[in-house]
Amino acid sequence: MKSNKILNLGSLMKSSGMFLVVGLILLFGIGSTYSLLVSKSDQVMNSFSQGVVSVEIMESFDGQTKRDVTVANTGNVSAYVRAAILVTWRDASGNIIGKQPELGTDYTLELNRTDWFMQDGFFYHRAPVGSGEVSSVLIQEARQLRPNANSQLSIEILGSGIQSTPSLAVEEAWNVAVVNHRLEVSP
């Protein structure tokens, strides 16, 4: 009977060792799987900068003649640009006088109609202007033809721009068409 107990004790030791080995395998297996499923990656910071569109009118003026009027893109994205040309008479204090100057009689205005087109009171530059770049010349030359004792001719250019992409934005905002990355008169 004694040998029977020794065998049972040895068998118990073998099965306990086996349980211990299986338990350790399960413990490490579950722990490793859990750590793989729960592990976190390093945080990634994505900084997005907003596109800024701003324009500045560039011109040469000698007191008599305005020349080489362009629109500079001073923003950080490519933009389409347009300009309104306001021609008025002003008195000595700078106030606008009601009578409208007449083209050909009171002043001359030589425009670049190849790179620019007119629609809805604005002149549109056909090609987008890159950041830090300048448009083609809009006004080649403008000057007063006859002196007026009570007033001075004033030719003001007001520029604006809109980001060139997506093209749908410029089409909707300005009612123009974009064809092959160039502005065209809206149909």
Identify all residues within region 150-177 that are among the aliphatic types (A, V, I, L, M) and without any contact (Cβ under 8 Å) to a residue 12 or more places away in the chain; write none if there are none. L168, A169, A173, A177
Can you give me the number of residues within region 104-116 that are closer than 19 Å to L86 by Cα and either touching a Cys at 6+ places or on another chain (Cβ under 6 Å) or not charged (D, E, K, R) (or both)? 8
Restricting attention to region 117-153, and to residues there that are out of contact with any Ser or Thr (no Cβ under 9 Å at 6 or more places or on another chain), open to solvent by 70 Å² or more (accessible area, probe 1.4 Å) and part of a strand (DSSP E or B), which single residue is farthest from A83 (Cα to Cα)? Q152
Starting from residues that are in contact (Cβ under 8 Å) with a residue 60 or more places away in the chain and among the basic types (K, R), keep the ones in region 64-116 and report whichever is least open to solvent (accessible area, probe 1.4 Å). K66
Before we move on, is E156 more than 15 Å from A83 (Cα to Cα) and either modelled with pLDDT of 95 or more or crowded, with 18+ Cβ neighbours inside 10 Å (or both)? no
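Taking the condition in contact with an Asp or Glu (Cβ under 8 Å, 6 or more places away or on another chain), among the β-branched types (V, I, T), at pLDDT 70 or above and assigned to a strand (DSSP E or B), does I85 pass?
Details: in contact with an Asp or Glu (Cβ under 8 Å, 6 or more places away or on another chain): yes; among the β-branched types (V, I, T): yes; at pLDDT 70 or above: yes; assigned to a strand (DSSP E or B): yes.
Here the answer is yes, as I85 does meet what is asked.
If I filter region 22-63 down to residues being closer than 30 Å to S151 by Cβ and surrounded by fewer than 10 Cβ atoms within 10 Å (Cβ to Cβ), which single residue comes out as modelled with the lowest pLDDT? Steps first, please.
Step one: filter region 22-63 for residues closer than 30 Å to S151 by Cβ, giving 55-63.
Now restrict to residues that are surrounded by fewer than 10 Cβ atoms within 10 Å (Cβ to Cβ): 62-63.
Values: D62: 95, G63: 89.
Per the criteria, the residue is G63.
The values are calculated or read from the model by the stated rules, or taken from the named source; none is laboratory data. Bear in mind the structure is a predicted one, so any value in this text is a computation, not a measurement. No Cβ is skipped: glycine too gets one built from the backbone with ideal geometry, and neighbour counts run over all protein chains shown. Please note that ligands, DNA and RNA were not included when accessible areas were found on the heavy atoms of the full protein model with its side chains. Shrake-Rupley method; radii C 1.70, N 1.55, O 1.52, S 1.80 Å.
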